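Worksheet: one structure, shown below.
The values are calculated or read from the model by the stated rules, or taken from the named source; none is laboratory data. These numbers come from a predicted model, not from an experiment. A quick note on method: Cβ atoms are made from the backbone with ideal geometry, for glycine too, and the neighbour counts reach across all protein chains shown.
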Amino acid sequence: MNRPLGVTVSRHILDSQRMHPEATGELSGLLSELIVAAKTISAEVNMAGLADVIGLSGKTNIQGESVQKLDEFANNTIKKRMARCGYVCAMTSEEEDDIIPVAECYEGKYTLAFDPLDGSTNIDVNASIGTIFSIHRRRSSLTIGQGTIDDLLQKGTAQAAAGYIIYGSSTMLVFSTGEGVHGFTLDPSVGEFFLSHPNIQIPDRAKYFSINEGNTAYWDENIRRYIAYIKEVNKQDGRPLSGRYIGTLVADFHRNLISGGIFLYPKDSKDANKLSGKLRLLYEASPFAYLIEQAGGRAITGDGRNILDIEPESLHQRVPLIIGSKYDVDMVEDFLLGRR
Ligand code: AFP
């Protein structure tokens, strides 16, 4: 079989680094280590159903959710590899209560926030799952040694890079370092990611909408009005939109990014004490908001804030998230802010 002479992800990262003579190569090094962790997780995910890797680990995470064995494996793989890579000074994981410290002899100038395995309820049913990451430059001085929680609690606008790996019909890595969004597909026969989706731009108009409609009773009236509106028939302006919801944000985001779509996890009243969102700012909303803006889309909370402008207050803070094609996010905002 003739194989195309593809651009490997390492080649792509090094070429981008060359465009910046001031670059030290540390971000490139960090990304390369993360890619090794992703390949390790991908190999384990592909064993699900064969080896004893599916099912519960018997533990509960900070969010009060049961931890799957694969969740635990992915978390440990990233944590152990990145703690010794020499490029990060502190980490936080969706699966850990507190900041993950990095030994002083290994500390570097970046921080890493990650969701090791997003969509864990989909593991047992063979639907797509993913890993999400967000990288910031540390704010504290390198001379201080270990990074602090303050280094991790930074706005989305300050990200140096963000991305995800989707374990789906193939394994894909999609990331941005602020110069567009690029997608790479893993060729499992050679164990290498090749550039398959250069410079991804999200279509300006959504083809799909993604929301958990089981939550309708908990939504604000304005969200109900918007969802009813996009289901109305109006061929001229492309309605009704088609509904697609996987329940793995990585997979819902990826489909909408490629095909044009809008994903909504608005604030709801499920928690009787307060109206809140479900998704986590540092591990989900912020990295995806960074990617979507790089791809020409938008990400908002629905109450007048852009996701990237939110100053995080805690590691596991939750936010409402409305993200996707620009035209459609603008439209939701009009509904939510009472302009329609
Ligand atoms: P899990 O990783 O616990 O399965 O959560 C997945 C997730 O955080 C995100 O990936 C989905 O978009 C969202 O939750 C789905 O939530 P609902 O099940 O409430 O629709």
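Structural remarks
Okay, residues lined up against (1) under 28 Å from Ser189 (Cβ atoms); (2) modelled with pLDDT of 95 or more; (3) assigned by TED's automatic domain parsing to the domain that holds Phe133:
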position	(1), (2), (3)
Gly58	no, no, yes
Gly64	no, no, yes
Val67	no, no, yes
Leu70	yes, no, yes
Thr77	yes, yes, yes
Arg81	yes, yes, yes
Thr92	no, yes, yes
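- For His197, the conditions (1) crowded, with 22+ Cβ neighbours inside 10 Å; (2) under 20 Å from the mean Cα position of the chain (by Cα) are fulfilled apart from (1).
- No other residue among Ser210, Ser189 is at pLDDT below 95 and small (Gly, Ala, Ser) apart from Ser189.
- For region 275-290, a residue qualifies if it is under 23 Å from Ile129 (Cβ atoms) and assigned to a loop (DSSP other than H, G, I, E, B), and the qualifying residues are Gly277, Lys278.
- Annotation: Thr121 fulfils all but one of (1) crowded, with 21+ Cβ neighbours inside 10 Å; (2) hydroxyl-bearing (Ser, Thr, Tyr); (3) within 11 Å of the ligand (Cβ to nearest atom); the unmet one is (1).
- Qualifying residue in region 233-244 (condition: within 23 Å of Tyr283 (Cβ to Cβ) and crowded, with 16+ Cβ neighbours inside 10 Å): yes
- Contacts under 6 angstrom Cβ, first residue in region 130-156 being on the phi > 0 side of the Ramachandran plot, partner assigned to a helix (DSSP H, G or I), 6 or more apart: Gly145/Glu104
- Restricting attention to region 91-115, the residues being of a type in the set (A, V, I, L, M, F, W, C), within 16 Å of the ligand (Cβ to nearest atom) and assigned to a loop (DSSP other than H, G, I, E, B) number 0.
- Among the residues examined, Ser259 does not qualify as surrounded by fewer than 15 Cβ atoms within 10 Å (Cβ to Cβ), hydroxyl-bearing (Ser, Thr, Tyr) and more than 15 Å from the ligand (Cβ to nearest atom).
- Region 208-254, subset within 16 Å of the ligand (Cβ to nearest atom) and polar (S, T, N, Q), residue nearest to the chain's Cα centre (by Cα): Thr248
- Residues of region 123-157 that are touching a helix residue (DSSP H, G or I) at 6+ places or on another chain (Cβ under 9 Å) and hydrophobic (A, V, I, L, M, F, W, C): Ile123, Ala127, Ile129, Ile132, Phe133, Ile135, Leu152, Leu153.
- Qualifying residue in region 76-83 (condition: in a loop (DSSP other than H, G, I, E, B) and either without any contact (Cβ under 8 Å) to a residue 12 or more places away in the chain or away from the ligand (no atom under 16 Å from the Cβ) (or both)): no
- Residue within region 120-129 that is modelled with pLDDT of 95 or more and more than 19 Å from the chain's Cα centre (by Cα) present: no
- Residue identified as assigned to a loop (DSSP other than H, G, I, E, B) and in contact (Cβ under 8 Å) with a residue 12 or more places away in the chain among Glu311, Glu293: Glu311
- Flag if Ile132 is surrounded by 18 or more Cβ atoms within 10 Å (Cβ to Cβ), within 14 Å of the ligand (Cβ to nearest atom) and part of a helix (DSSP H, G or I): no
- Arg280 being under 17 Å from the mean Cα position of the chain (by Cα), among the charged types (D, E, K, R) and within 10 Å of the ligand (Cβ to nearest atom): yes
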